[in-house]
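Visitor: Here it is: the structure, laid out below.
None of the figures in this text is laboratory data; all of them are computed from the coordinates on show. None of these values were measured; they are calculated from a predicted model. Note: ideal-geometry Cβ built from the backbone for every residue, glycine included; neighbour counts use all protein chains shown.
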Amino acid sequence: MAAIGSAIGLGNVWRFPYIAYTNGGGAFLIPYFVALFTAGIPMLILEFSVGHWSRHGAPESFKKIGKKWEWVGWWAALVPFVIVTYYIVVMAWCFSYLIYSLDLRWGLNAESFFVSDFLSLTTGPLEIGGIRIPILLSLLVVWFLVFLILYKGVGRIGKVVMITVPLPWILLLILAIRGLTLPGALEGISYYLTPNFSKLSDLNVWLAAYAQVFFSVGIAQGIMISYASHLQKKSDISNNAFIVALADSGTSFLAGFAVFSVIGYLAMSQGIGIEHLGIAGPQLAFITYPTAISLFPVATIVFGILFYLSLLTFGIDSAFSMIEPMTIGIQQKWRITKGKATAIICLVGFIASLLFTTGSGLYWLDILDYFFSRFGLVLVGLIECLVLAWVFRVAFFREHANKTSDILIGRWWDVLIKYVVPAILTILLLAAVYENVLKPYVQPWWVVLLGGVTPCVAIFFAACILMKQKTKKEETS
Amino acid sequence: MNGLPLSALVMLIFGAAICYGGITYFLYRAFKARYK
């Protein structure tokens, strides 16, 4: 359940529908499912198997594979920890907007409200601006909530996910049903699902499908290794991997209906084409959707509350799952209590999040997200795959998974993990480098260096330093 | 527009069958194994 909650996050609502729409509509489902079955599920089985075998978090698991590979585990734990520092700020925005929904504070111009009144966006990343107090207060609430969930350990997480996994699903279902009853909704759905099969011959569409699966399922972040370490000895590894991956896909698919039905309604109400509306990322959640909510004929406030509550509950279990690998890592390394490890990590995370509460927060969030999703995660996934498949014996993990699984995995899985997945990740990485050489992400170049490249390199060195630290056991011996 | 184009409807059924059919099947297996 916790792994499902971790896999399903904000990206399912604001990324998948947009990616599907721009990559062939309904036809995108074909490369998407191919990617899911050839990369997403095999990688999930691998990570579940590693965690289940080692009974430890990512750093200790890699240490068990070979002492010199511990840094891979730390790296895998550090990447989601950096991501969560800005991910939680987006949740803080959702929390603020949940309160604003009570009086539809964004008024008739949601864009101006979001950019000027709410964010006080500066002219560029170098003009930092002051800390926005409403965002800071919401941030405090969200971090405190995450701390409360995590500090008691896996028992409390188990109880929390019993609510935070089904609740957003129910809310999303209500949103989709309500959206589908609005005028213009079918026009929106038709944009979402009408297939353009000619796109299937485009390599970029296939890369987009693999990237979507890779980021959405939550692999290469140490999360699934950590969660699998708590699985019972007899847990069915393969079946669990299929359930997590398909629950994630099912949520993304459903989210498309909630998003595109409302977009169709908004396009019809304003007499403009759907292609002119922001349908991805923060633009969807904080500009397009609030605008549509304001135009609803009835129950505007209820709809606003349902939408932001669903985003918050979708995000919360992803957020604490991104913190968990780091917490488990330091807890196991220095043998400190779970509460102490959680307090340290949450405090460091909160301080790091402060940058994103400033007037330039959105710029830095965008730069970090761009580099960590395109380079950080892919690089970790690639190295993880190479170490587990080439340095260690991939067949060992297949045999381990088969010991407890009903569905037995064949040698085809070894081929996928050894050759197919690393090849796809290498292509994704090279495509991202090529894209940046052709057209650098933001100017000037040293902002890219400061905001994107430096943190990616810094966490690599941080992982190496953490590996070199002696454990309490090693100090006493 | 009066309704969804047939091709969109086919993709809807295709997506729903894999996602929800798949998850139902694997959940059924999990429950069957648990209460065996």
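Visitor: Among the listed residues A:S138, A:S198, identify the single one that is in contact with a Ser or Thr (Cβ under 7 Å, 6 or more places away or on another chain) and not hydrophobic (A, V, I, L, M, F, W, C).
Guide: A:S138
Visitor: Wholly within segment A:177-271, which helices (runs of 4 or more DSSP H) include no fewer than the required count, namely at least 1 residues that are within 11 Å of chain B (Cβ to nearest Cβ)?
Guide: A:185-193, A:237-270
Visitor: I've got another one for you. Name the helices (runs of 4 or more DSSP H) wholly inside segment A:1-87 in which the number of residues that are within 13 Å of another protein chain (Cβ to nearest Cβ) and aromatic (F, W, Y) is 2 or more.
Guide: A:16-22, A:29-35
Visitor: Buried (at least 20 other Cβ atoms within 10 Å of the Cβ), in a helix (DSSP H, G or I), within 26 Å of the chain's Cα centre (by Cα) and among the small types (G, A, S), is that true of A:A389?
Guide: yes
Visitor: Only one residue in A:I409, A:I459 is at negative phi, surrounded by 12 or more Cβ atoms within 10 Å (Cβ to Cβ) and not in a helix (DSSP H, G or I). Which one?
Guide: A:I409
Visitor: Return yes when A:L171 is within 22 Å of A:F314 (Cβ to Cβ), part of a helix (DSSP H, G or I), among the aliphatic types (A, V, I, L, M) and more than 23 Å from the chain's Cα centre (by Cα) and no when it is not.
Guide: no
Visitor: If only one of A:I131, A:I135, A:I149 is in contact with a strand residue (DSSP E or B) (Cβ under 8 Å, 6 or more places away or on another chain) and surrounded by 15 or more Cβ atoms within 10 Å (Cβ to Cβ), which one is it?
Guide: A:I131
Visitor: What's the total number of residues in segment A:213-232 that are touching a Pro at 6+ places or on another chain (Cβ under 9 Å) and either surrounded by fewer than 20 Cβ atoms within 10 Å (Cβ to Cβ) or of a type in the set (S, T, N, Q) (or both)?
Guide: Qualifying residue count for the region: 2.
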